[in-house]
Amino acid sequence: MGHEPTRVTCYSGHTYADRPTSITWDRAELGVKAVEMEWREPGKKRFRVRTEDERLFDVCYHEDGNWWSATEVVSKSQKGGRDEQGSH
């Protein structure tokens, strides 16, 4: 499944995209409460973030194309025993 670009506001120190501070999801801006994990993959910076409304997202900065994508991580308990993800 392909990802659509999404709007992400981020803090940038000496490099771009040090950490996301908000994401736009379903036309609403969600503030990032915490960055729970961050890791690198070739050409990508990835973050698992918790928003102020306690939702969990995997956010990815695609360095080669200079764009962001986000996927909501829905826990098993929220979806009756199955992990599901929705992408933007």
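The values are calculated or read from the model by the stated rules, or taken from the named source; none is laboratory data. The structure displayed is predicted, hence computed values, not measured ones. As a convention, Cβ positions derive from the backbone with ideal geometry for all residues, glycine included, and neighbour counts pool all protein chains shown.
Tallying residues that are assigned to a strand (DSSP E or B) and touching a strand residue (DSSP E or B) at 6+ places or on another chain (Cβ under 7 Å) within the range 41-73 yields 21.
Of everything in the range 1-12 that is in a loop (DSSP other than H, G, I, E, B) and modelled with pLDDT of 85 or more, the residue that is surrounded by the fewest Cβ atoms within 10 Å (Cβ to Cβ) is Ser12. If the condition is being surrounded by fewer than 14 Cβ atoms within 10 Å (Cβ to Cβ) and at negative phi, then the range 47-74 contributes Glu52, Asp53, Asp64, Gly65.
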